[in-house]
Amino acid sequence: MSRPHIVACLAAAGPEDLPDEGGSRVARADLVEVRLDAITGGPSVAAALCHAVAQWQRPLLLTPRSAGEGGFRRWDEDQRRAFLEAAWGAHGPAFVDVELRDSPELLDWVRAHRPEGCQLIASFHAFDRYPGSDWLDVLALEAGALEADHFKAAVHVADTDEMADLACWTHRRSRSQSLIAMGLGTAGALSRVMGPAFGSWACYASLDRATGPGQLGLEELADLVERFYPDEAESGESSVGR
């Protein structure tokens, strides 16, 4: 099995909120997700934060999550565009994550205006129910039609039956499309480790503040990835973009 990409999730209010020795703390991650919706200031704060995080020598994933899909703030589309433009003006991101169904206009705008070489993640979140594999197929096809580089499905699973169904769907669907799939909640925590065995491209972990239900800490997840996906030794460098 190939080693999955590890995403270190950062939910910081601004540059002053960054952890000490951030570069060493994300050394075991392949990229850093900057949750723009966690920022308490304006676009200039987003630019300063992304510039500071870029010094950690990891590719950036920018996520301006809406409140409807678990974001930390309520903001309109113009604000989200302004934050993205400021952030990628400060440091070109490797990835941008936008909701597939909740923010279709922003998704189209990102497709048209993202920096050259920036990959698009079209995402879907369901925090209170498992939508079923048939509905996930519909969403994955929509993401593919929009030429998203990856489709991300983060969905609640209540028990092992639902987690098994998600794993089987990931295994089948990943043969034709790049997926990031994970279960949310207590029952879904295991999927954050086993998902890549079934074809999920990446797994997410918190740096300090958890950004999703059931999310593991970075060190804990990195230890488990090293144990169960040992075919690629850690080099201390990100493999994204190679």
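The values are calculated or read from the model by the stated rules, or taken from the named source; none is laboratory data. Because the structure is a prediction, the values reported are computed rather than measured. Ideal geometry is used to build each Cβ from the backbone, glycine not excepted, and the neighbour counts take in all protein chains shown.
Specify the residue that is nearest to Val98 (Cα to Cα); the eligible residues are those in the range 133-154 that are of a type in the set (Gly, Ala, Ser) and out of contact with any strand residue (DSSP E or B) (no Cβ under 9 Å at 6 or more places or on another chain). Applying the filter and picking the extreme gives Ala145.
I need a count of the residues in the range 158-168 that are more than 21 Å from Asp102 (Cβ to Cβ) and either in contact (Cβ under 8 Å) with a residue 40 or more places away in the chain or buried (at least 19 other Cβ atoms within 10 Å of the Cβ) (or both).
Final tally of qualifying residues: 3.
Say whether the condition of being among the charged types (D, E, K, R), modelled with pLDDT under 95 and either closer than 18 Å to Glu162 by Cα or within 15 Å of the chain's Cα centre (by Cα) (or both) is met by at least one residue in the range 224-236. Checked the range 224-236: no residue is among the charged types (D, E, K, R), modelled with pLDDT under 95 and either closer than 18 Å to Glu162 by Cα or within 15 Å of the chain's Cα centre (by Cα) (or both).
Select, from Val110, Val155, Val96, Val138, the only residue that is in a helix (DSSP H, G or I) and surrounded by 20 or more Cβ atoms within 10 Å (Cβ to Cβ). Just a single option satisfies the conditions, and that option is Val110. Being crowded, with 19+ Cβ neighbours inside 10 Å, in contact (Cβ under 8 Å) with a residue 12 or more places away in the chain and assigned to a helix (DSSP H, G or I) is a condition met by no residue of the range 8-17. Checking the stated criteria, Ser176 turns out not to satisfy the condition of being modelled with pLDDT under 95 and either touching an Asp or Glu at 6+ places or on another chain (Cβ under 8 Å) or closer than 30 Å to Arg111 by Cβ (or both). Number of residues in the range 68-87 that are without any contact (Cβ under 8 Å) to a residue 24 or more places away in the chain and not in a helix (DSSP H, G or I): the value is 2.
Restricting the range 141-152 to residues that are touching a helix residue (DSSP H, G or I) at 6+ places or on another chain (Cβ under 9 Å) and not small (Gly, Ala, Ser) leaves a set whose member that is surrounded by the most Cβ atoms within 10 Å (Cβ to Cβ) is Phe151. Pairs linking a residue in the range 200-225 that is more than 22 Å from Ser178 (Cα to Cα) to a residue that is among the aromatic types (Phe, Trp, Tyr), with Cβ atoms under 6 Å and 6 or more positions apart or on different chains, do not occur. A count restricted to the range 60-87 and to residues that are crowded, with 17+ Cβ neighbours inside 10 Å, farther than 24 Å from Asp30 by Cβ and of a type outside the set (Gly, Ala, Ser) stands at 3. Remark: pairs (first residue in the range 54-67, within 13 Å of Asp37 (Cβ to Cβ); second residue assigned to a loop (DSSP other than H, G, I, E, B) and of a type in the set (Asp, Glu); Cβ separation under 7 Å; 6+ apart in sequence or on different chains) = Ser66/Asp102. The residue that is nearest to Val155 (Cα to Cα), among those in the range 174-194 that are over 14 Å from the mean Cα position of the chain (by Cα) and crowded, with 23+ Cβ neighbours inside 10 Å, is Gly188. Under the condition of being part of a loop (DSSP other than H, G, I, E, B) and crowded, with 22+ Cβ neighbours inside 10 Å, the residues counted in the range 31-43 number 1.
Table: residues versus (1) modelled with pLDDT under 95; (2) charged (D, E, K, R); (3) within 15 Å of Pro93 (Cβ to Cβ).
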| site | (1), (2), (3) |
| --- | --- |
| Pro43 | no, no, yes |
| Ala46 | no, no, yes |
| Ala52 | no, no, yes |
| Arg58 | no, yes, yes |
| Gly68 | yes, no, no |
| Asp76 | yes, yes, no |
| Gln79 | no, no, no |
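Condition check: over 18 Å from the mean Cα position of the chain (by Cα), over 30 Å from Tyr229 (Cα atoms) and not in a loop (DSSP other than H, G, I, E, B). Does Ala46 satisfy that? So Ala46 fails the test.
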